[in-house]
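K.L.:
Shown below is the structure under consideration.
Derivation of every value follows stated rules applied to the coordinates shown; laboratory data play no part. Just so it is clear, the structure is predicted and the values come from calculations on it, not from any experiment. Every residue, glycine among them, receives a Cβ derived from its backbone with ideal geometry; neighbour counts consider all protein chains shown.
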Amino acid sequence: MKKLTLLMLLASSTILVGAQERPTHEIHAAMLYDFIGNVEWPNEGDPGTFLVGIFGDDNVYTTMKQWYDGKSKGGKKYVFKKLAHADEASECQVVYVGRSRNGDFDNLRSGLSGKSVLIVTDGIGMGEKGSCINFRVIEGKLKFEINEAAVGAARLKVSTQLSSMAILI
């Protein structure tokens, strides 16, 4: 797996969330892109598009479009979609759920049950609720959790490098 430079920098940095140079949505977008590069999907070799849905965070959506639109994952071209409702996520390979939509998480997760979708969230307790990867601020530092059961249920494989930097739950 590749592209752990940013993740290693962020994981080893002492950047305090309140004093960081970049806005949180830019850090989330960059880390989300690196997460995708360090996860394998069962149908990764199939042709088509790689759909990333952003639910509840317009700033992350705009940043992802600006920075990564037109890039590819293997033979698939990234397509970013702003999701207005949880039921729009069914065709996505990745869904990022912004803090403002955490209340819709159970609905989203049940609609994606049995599908190979990487769900990434931002909020306390979201990893325990079944998110594959969850951003957390701990002692003023941005960290991320990986819910191994949720990743396994989605039939995804996370690189050992990514797992080694995460809080495993």
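K.L.:
Helices (runs of 4 or more DSSP H) wholly in region 47-157 with at least 1 residues that are polar (S, T, N, Q) - which ones?
P.N.:
On the way: elements: 58-68, 105-111, 126-129, 148-153.
Filter on region 47-157 gives 58-68, 105-111.
K.L.:
Assuming residue 136 fulfils every condition listed in (1) surrounded by 20 or more Cβ atoms within 10 Å (Cβ to Cβ); (2) touching a Phe, Trp or Tyr at 6+ places or on another chain (Cβ under 8 Å) apart from one, which condition is it?
P.N.:
Residue 136 satisfies all of (1) surrounded by 20 or more Cβ atoms within 10 Å (Cβ to Cβ); (2) touching a Phe, Trp or Tyr at 6+ places or on another chain (Cβ under 8 Å) except (1).
K.L.:
Among the candidates 82, 129, single out the residue that is under 18 Å from residue 25 (Cβ atoms) and touching a residue at least 12 places away in the same chain (Cβ under 8 Å).
P.N.:
Unique residue meeting the criteria: 82.
K.L.:
Can I ask one more? Mind checking which residues of region 78-97 are exposed (fewer than 15 other Cβ atoms within 10 Å of the Cβ) and over 18 Å from residue 155 (Cα atoms)?
P.N.:
Selection gives 84, 85, 87.
K.L.:
Here is a further query. Can you spot a residue in region 115-128 that is out of contact with any strand residue (DSSP E or B) (no Cβ under 6 Å at 6 or more places or on another chain), aliphatic (A, V, I, L, M) and surrounded by fewer than 21 Cβ atoms within 10 Å (Cβ to Cβ)?
P.N.:
yes
K.L.:
Let me ask you something else. Do you know which of the residues in region 139-169 that are of a type in the set (Gly, Ala, Ser) and under 15 Å from the mean Cα position of the chain (by Cα) is surrounded by the fewest Cβ atoms within 10 Å (Cβ to Cβ)? Give the steps one after another, and end with the answer.
P.N.:
Restricting attention to region 139-169, the residues satisfying the condition of being of a type in the set (Gly, Ala, Ser) are 140, 149-150, 152-154, 159, 163-164, 166.
Within this subset, residues satisfying the condition of being under 15 Å from the mean Cα position of the chain (by Cα) are 150, 154, 159, 163, 166.
Values: 150: 21, 154: 23, 159: 16, 163: 13, 166: 20.
Among residues in region 139-169 that are of a type in the set (Gly, Ala, Ser) and under 15 Å from the mean Cα position of the chain (by Cα), the one surrounded by the fewest Cβ atoms within 10 Å (Cβ to Cβ) is 163.
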